[in-house]
Amino acid sequence: MRLDGLNHITAITGDAPRNVDFYTSTLGLRLVTKTVNQDDPTVYHLFYADEEGSPGADLTFFEYPGATRGRAGAGCAYRVVWRVGSADSLGFWADRLAELEVAREVEPGSVRFADPEGLEHELVVEDVPDAPLRAHHPEIPPEHALLGFAGVRAYSMRPESSRTLLVDVLGAASVDAGTLEVRGERRGSTIRFDAAPEGARLSQGAGSIHHIAWGTTMAEHPRWLEHVNAAGVRSTPIIDRHFFHSIYFREPGGLLYEIADDGPGFASEVPLSELGRRVVLPPWLEPRRAEIESRLTPLPDPRAGWPAGDGGGGG
C-alpha cells in the first residue's frame, strides 16, 4: 500500500463570505461543496478544489463565525504549498497578488503570501509526473492556474518521532534532512518540519490548519485502518464523511492526521455543473435541513454572472 500524497487540508475561518471571495476570486479555486461540519452541523464546512473536486487539490474550511486569529506553534501544519506550472506562472502570481493588494514575498522559485486571516501559502514549481489539478477562472490563464498541492510545512513537538512514523508507518521517503515525501501511484506530496518560533504556543483559530489528510483508494482504506492500528497507532474507526471515508489519529509531534479515501466524491449526487451552488447535506442530516440552513450565512454562487465558456457550466 502507498498513500497518494495529500488528499485534502482542512483549516479554520471566522468569516465564510470573505473566505469564499479570497479562495475563488483571488486564487481561482472552485467552490466544489458547501456543507456543514458533521461534528457540529451549526457551522459551514467549505471545500475548494480543481474543476472536478479532485483529491490532491482540496482545501477545506470549518467556519466558526467571528473566531479569533489562531497562532501557529509546535504541533501543527502552518503553510500550504501549491504547485504551479513554470517560472512564468510565479511571475504571473507575483503580479496578480500585487494588483489585488495582497502582501507577498517573492524569491527565486517561490512566491509566499497569506490569506486575510493569516494562513500561509507558498507557490513553487516542481518537476513531478502528477496530473495538473486546475480550476477555471476568467482572469487566470489555464497555464498559470494552481495545479494542486505540492505539500505542507509543519512544526512538530518531536520532529524525529514525527519522521519515524511517516517513514515506518505511512511509507514516506526522505527528500532531505527536513523534508519527507509521501508518493503513491497517482500523485505525491511533501511535508517539511521546521523549527517552531521560539516561545510560540499553538492556538487553533481563524487562519490555522486543523488537520491534514493523506489519500488512498476506497479499496485500500480499510487496510490502512488495520495497518496503523497494528503499528500501535491509536485511531478512530472508519468514519463515513459522505463524500469520502476517514480515519483520524494524532501523530507523535502533535499534528492531527487523517487518511481519506477517494470516493464517492463531490459529484456523486450533484451534477458537475452544480458543484458549490447549494448546501449539500449527508442523508442523516437532511431531516434537519431547514434548521441547519437557518443558522448559516447565505453565500452567493461565486460563478454567478460569469461569461459563457469561462467554466460557469462546470465543464
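The values are calculated or read from the model by the stated rules, or taken from the named source; none is laboratory data. In this text, all values refer to a predicted model and were calculated from it rather than measured experimentally. Cβ: placed from backbone, ideal geometry, glycine included. Neighbour counts: every protein chain shown.
For this structure, a couple of remarks:
- Enumeration of residues in the stretch 117-156 that are closer than 19 Å to PRO197 by Cα, of a type in the set (A, V, I, L, M, F, W, C) and either modelled with pLDDT under 95 or in a strand (DSSP E or B) (or both): VAL152, ALA154
- Positions within the stretch 158-193 being closer than 30 Å to VAL20 by Cβ and part of a strand (DSSP E or B), in sequence order: VAL182, GLY188, SER189, THR190, ILE191, ARG192
- From the list PRO142, PRO159, PRO222, the one residue that fits, being within 28 Å of LEU97 (Cα to Cα) and surrounded by fewer than 19 Cβ atoms within 10 Å (Cβ to Cβ), is PRO142.
- Residue satisfying all of: in the stretch 199-210; more than 12 Å from MET157 (Cα to Cα) and loosely packed, with under 14 Cβ neighbours inside 10 Å; modelled with the highest pLDDT among these: SER203
- Each residue in the stretch 44-71 was checked for being under 17 Å from the mean Cα position of the chain (by Cα), of a type in the set (A, V, I, L, M) and under 28 Å from MET157 (Cα atoms), and 2 pass.
- Selection status of LEU97, within 25 Å of ARG303 (Cα to Cα), within 11 Å of the chain's Cα centre (by Cα) and hydrophobic (A, V, I, L, M, F, W, C): no
- Near pairs, Cβ below 7 angstrom, 6+ apart or cross-chain, from the stretch 245-268 (closer than 20 Å to TYR155 by Cα) to any residue that is among the charged types (D, E, K, R): TYR248/GLU258; PHE249/ARG234; PRO252/ARG158; GLY253/ARG158; LEU256/ARG250; TYR257/GLU251
- Counting only residues that are touching a strand residue (DSSP E or B) at 6+ places or on another chain (Cβ under 7 Å), in contact (Cβ under 8 Å) with a residue 40 or more places away in the chain and of a type in the set (Lys, Arg), the stretch 140-182 holds 1 of them.
- Selection status of ARG96, over 27 Å from THR35 (Cβ atoms) and modelled with pLDDT of 95 or more: yes
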